[in-house]
Amino acid sequence: MKKIIFPILILLLVFSQTANSQSFSGGDEVQEQAMKYGRLMRLINSYYVDSTDIEAITEKAIVNVLSELDPHSVYISKEDVEKANEPLKGSFSGIGISFNILRDTLMVVQTIPGGPSESVGLIAGDRIISVDDEMIAGVGLTNQGVFDRLKGEKGTLVKVTILRKGEADPIDFEIIRDKIPIHSLDAAYMLDKSTAYIKLNRFAATTSTEFIEAIEELKNTNRVDNLVLDLRGNGGGYLKEAFRLSDQFLEYGKTIVYTEGLRNPKRILGATRDGEFLKGKLVILIDRGSASASEIVSGAVQDWDRGVVVGRRSFGKGLVQQQYYLTDGSQVRLTNAHYYTPSGRCIQKPYDEGIKDYRMDVYKRVSTGELYNADSIKVNDSLQYETKVNKRIVYGGGGIIPDVFVPIDTSSNYGYYNKLVRKSIVSQYVVDYVDVHRDALLEEYKSFDQYKKKFDVSEEMLEEIFAIGDKKNVERDEEAIDFIHDYAKTHLKATIASRLWKSNMYYEIMNKESDEVATALEIINDEQRYNAILKGEAYE
């Protein structure tokens, strides 16, 4: 199989339409190999001893050849193209609900404000029992099954029947599908009187717009002198959105990022005059889940000594992919350039040991000790660079190394509670709890601020969760329970708040437990320390 892999990809690329209509180089060689592969396929189809699926052979070959190039060049089948692109487009067409499948029944957790479900009167807690006259309760419904039934073309009609507490009979709704936004901003609020906090989960088509709207809204009612930008767990997305976000922090003309490849000339992206936060203290939070576009932003800010990067070493993805359509509507995302931070460093980590080893790197960081000890971070001394203003030493070849390291809490005592979370015991408990107590909670706590100040998770609530864990084979650990007692209460309170209001409230509560956020605030509130970090000076 390997002997025919390379010609397969060439043949398909020869006859495909590219995303940017680039012409192919090496035409004679490509044509020769394409003819060779075509001859092989005709021979197999005409003379091979058994029946074959030429399409399946071709797709497997494409996947294999791309895996030999680099970890981020991938094939996407025709059926999966729309699904793969959707999270970055910023919207999809549907009915506008967040949902949970609870005991084989589809329950509305929230309706999206302004969406079609809210406009016709669906409310949180409604159970959808049929869609377009098809019974979906008690039939083993999956998340994909929900998407298949409720998503669709904008303007199309879907009929749903729901059960609602307090109503004796089912209620029918007719909902016209519409564009539903996919938000990349999880939270935006004030950490203190002058420090804003903004968390982004991806870099989608609307990310920079969401950021600008959020910070302008905060400025309308607060004095925003400082900003904590949380990019932890943000795996990246569109390069242009990374540029646009970086542009909010850097002065006109400063290089944000540049890209270059063997067949792609150097392209420099520089800051414009449109920044929303050009002055004031800036701290960016990163971790091993921060990749690609997140690294472009944190790298640009670090290289220009514009702000302090806090957390743990980022993922290390310095490759740029371009989408190219193949003849049947499928796609390849082909790496066509490296990107470089303003100091000239490419932060792509090595992948010469193979893709499996490459992908396991973030997990190996636990065993090497670098998640809880900055001295365990390995750097390549041959890839040493200087920041643009203060000439601090920074490194390429392995992600963004933070200016201030914050270790992860690796205590084994968290393992017990994490099992309860991973098995959906906590989330299912919260869904049940909010379903029963929603009206009473909203009656008692007229606002989130009241809830945040007065609501307390009871010992009985914790015990109910631990008891469910007993029944689902999560062995009770009394020592761990004592250790994580306060954390579990905070997490449960935050999760309930996110179900009653929105995700913003989850982070507003949980960040009280975050060492990274606490460190960011300490740095911001100590001007001497902040400036010393940016100058690369020792500070005590």
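The values are calculated or read from the model by the stated rules, or taken from the named source; none is laboratory data. These numbers come from a predicted model, not from an experiment. For neighbour counting, all protein chains shown are included, and Cβ atoms are generated from backbone atoms with ideal geometry for every residue, glycine included. All accessible areas refer to the heavy atoms of the entire protein, side chains included, with ligands and DNA or RNA removed. Shrake-Rupley method; radii C 1.70, N 1.55, O 1.52, S 1.80 Å.
Data for the structure
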read-out: Enumeration of residues in the range 265-290 that are without any contact (Cβ under 8 Å) to a residue 60 or more places away in the chain and not charged (D, E, K, R); value: Pro265, Ile268, Leu269, Gly270, Ala271, Thr272, Gly275, Leu278, Gly280, Leu282, Ile284
read-out: Pairs with Cβ under 7 Å, 6+ apart, first in the range 146-168 and in contact (Cβ under 8 Å) with a residue 24 or more places away in the chain and within 10 Å of Ile95 (Cα to Cα), second part of a loop (DSSP other than H, G, I, E, B) and among the aliphatic types (A, V, I, L, M); value: Leu150/Ile95; Val158/Ile95
read-out: Test: residue in the range 206-214 that is assigned to a loop (DSSP other than H, G, I, E, B), buried (at least 19 other Cβ atoms within 10 Å of the Cβ) and of a type in the set (D, E, K, R); value: no
read-out: Selected residue (criterion: least open to solvent (accessible area, probe 1.4 Å)) from residues of the range 440-449 that are over 21 Å from Asp186 (Cα atoms) and assigned to a helix (DSSP H, G or I); value: Leu441
read-out: Residues of the range 274-314 satisfying the condition of being part of a helix (DSSP H, G or I) and charged (D, E, K, R); value: Glu295, Asp303
read-out: Residues (open to solvent by less than 70 Å² (accessible area, probe 1.4 Å) and of a type in the set (Ser, Thr, Tyr)) located in the range 343-367; value: Ser343, Tyr358
read-out: Residue among Thr335, Thr327 that alone is of a type in the set (Ser, Thr, Tyr), touching an Asp or Glu at 6+ places or on another chain (Cβ under 7 Å), closer than 30 Å to Glu86 by Cβ and open to solvent by 10 Å² or more (accessible area, probe 1.4 Å); value: Thr335
read-out: Restricting the range 40-89 to residues that are under 29 Å from Thr206 (Cβ atoms) and of a type in the set (Asp, Glu), the residue that is modelled with the highest pLDDT; value: Asp70
read-out: One residue from Gly140, Gly125, Gly115, Gly121 being touching a residue at least 12 places away in the same chain (Cβ under 8 Å), at positive phi and buried (at least 18 other Cβ atoms within 10 Å of the Cβ); value: Gly125
read-out: Qualifying residue in the range 414-428 (condition: surrounded by 14 or more Cβ atoms within 10 Å (Cβ to Cβ) and assigned to a loop (DSSP other than H, G, I, E, B)); value: yes
read-out: Count - residues of the range 283-300 that are within 22 Å of Thr206 (Cβ to Cβ) and surrounded by fewer than 23 Cβ atoms within 10 Å (Cβ to Cβ); value: 1
read-out: Test: residue in the range 234-248 that is open to solvent by less than 40 Å² (accessible area, probe 1.4 Å), outside any helix (DSSP H, G or I), among the hydrophobic types (A, V, I, L, M, F, W, C) and touching a strand residue (DSSP E or B) at 6+ places or on another chain (Cβ under 7 Å); value: no
read-out: Residue check for Gly275: within 21 Å of Thr207 (Cβ to Cβ), open to solvent by 10 Å² or more (accessible area, probe 1.4 Å) and of a type in the set (Gly, Ala, Ser); value: yes
read-out: Candidates Lys219, Lys165, Lys154, filtered to the one that is open to solvent by 40 Å² or more (accessible area, probe 1.4 Å), part of a loop (DSSP other than H, G, I, E, B) and either closer than 25 Å to Ser498 by Cα or polar (S, T, N, Q) (or both); value: Lys165
read-out: Inter-residue pairs, beta-carbon under 8 Å, first among the polar types (S, T, N, Q) and in the range 296-310, second modelled with pLDDT under 95, 6+ apart; value: none
read-out: The lone exception for Arg365 - which of (1) under 30 Å from Asn473 (Cβ atoms); (2) in contact with a Ser or Thr (Cβ under 8 Å, 6 or more places away or on another chain); (3) of a type in the set (D, E, K, R) it fails; value: (2)
read-out: Residues of the range 301-320 classified as touching a helix residue (DSSP H, G or I) at 6+ places or on another chain (Cβ under 9 Å) and open to solvent by 10 Å² or more (accessible area, probe 1.4 Å), total; value: 7
read-out: The range 91-111 - residue that is in a loop (DSSP other than H, G, I, E, B) and surrounded by fewer than 17 Cβ atoms within 10 Å (Cβ to Cβ) and, of those, modelled with the lowest pLDDT; value: Arg103
read-out: Residues that are outside any strand (DSSP E or B), open to solvent by 40 Å² or more (accessible area, probe 1.4 Å) and in contact with a strand residue (DSSP E or B) (Cβ under 8 Å, 6 or more places away or on another chain), drawn from the range 168-200; value: Pro170
read-out: Given (1) over 28 Å from Ala520 (Cβ atoms); (2) at pLDDT below 90; (3) not β-branched (Val, Ile, Thr), index of the condition His437 fails; value: (2)
read-out: Pair list, Cβ < 6 Å and 6+ apart or interchain, from the range 47-64 residues that are in contact (Cβ under 8 Å) with a residue 60 or more places away in the chain to residues that are outside any helix (DSSP H, G or I); value: Ile62/Tyr75
read-out: Residue tally, condition under 17 Å from Lys279 (Cα atoms) and either open to solvent by 40 Å² or more (accessible area, probe 1.4 Å) or outside any strand (DSSP E or B) (or both), over the range 251-267; value: 4
read-out: The range 446-498, residues that are touching a residue at least 24 places away in the same chain (Cβ under 8 Å), over 19 Å from Tyr414 (Cβ atoms) and hydroxyl-bearing (Ser, Thr, Tyr); value: Tyr451
